[in-house]
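Remarks on the structure that follows.
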C-alpha cells in the first residue's frame with residue numbers, strides 16, 4: 001500500500017484530528033491500519049444501520065479496537081425503517097455524521113475506504129442512468145466540497161489487493177453478507193459485471209481514474 005501511504009503523508013493535517021469512515025469491513029479496516037502508521041489523532045466514525053444481526057457485534061468490536069489503540073469512537077444509529085430508498089438515505093445520513101464530526105473536532109479531513117472496484121461500479125452505474133458525458137466521471141482520490149477534504153487513499157487498489165493486505169497484516173474484519181445479494185443496483189454491478197471486466201484486465205480500475 002505504498003501509494004496510499006504516500007498520499008496520506010503528503011497531506012497537511014499536522015496535529016489535527018482526521019475523521020475516518022469505518023464500517024468494520026475489509027476496506028475500512030485496511031485504511032484504518034494504514035492511517036495508524038501516520039497518526040493517532042483519528043476519530044473513527046461508525047454508523048450502525050441495524051439492518052443485520054451482526055451489526056451489534058461489529059459495533060462492539062470497533063469500540064474495543066478504538067479503546068486498545070487510543071482512538072476516538074463516534075457512533076451514530078440509523079433506525080429509519082420507513083425509508084423508501086435505503087441506499088440513498090443511508091448515504092446522506094452517514095455523510096451528515098462525518099460532516100458534523102469534522103465541525104466538532106475542528107478538522108477538514110474526512111477519509112473513506114473507496115477503492116478501485118468502487119470507482120468502476122460508480123462510473124458504470126452513471127452510464128446506465130443516462131448521465132451526460134461529463135457525468136461519467138467517478139470520484140477522485142482527493143476532492144474538496146464546502147471546505148471539507150475527502151481523501152480516498154485506496155482508489156489505486158482492487159478489492160483483492162486489500163484482502164491480501166489484511167491477510168498479510170492479520171487484520172480482523174467483518175463481511176457484510178447482504179452485499180452478496182442482488183437487491184440493490186450497486187450489488188448487481190459488483191456481482192455480475194465487475195468480474196467480467198476484471199477477467200479481461202485485472203488492473204482495469206486504473207483506466208477509470210481522472
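Table for the structure above
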| quantity | calculated |
| --- | --- |
| Filter result for the condition that a residue is modelled with pLDDT under 90 and more than 15 Å from the chain's Cα centre (by Cα), over 124, 148 | 124 |
| Helices (runs of 4 or more DSSP H) wholly inside the range 1-88 that include at least 3 residues being crowded, with 19+ Cβ neighbours inside 10 Å and within 14 Å of the chain's Cα centre (by Cα) | 26-35 |
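The values are calculated or read from the model by the stated rules, or taken from the named source; none is laboratory data. None of the values given here were measured: they were computed from a predicted structure. When we count neighbours, we look across all protein chains shown, and the Cβ atoms used for this are built from the backbone with ideal geometry, even at glycine.
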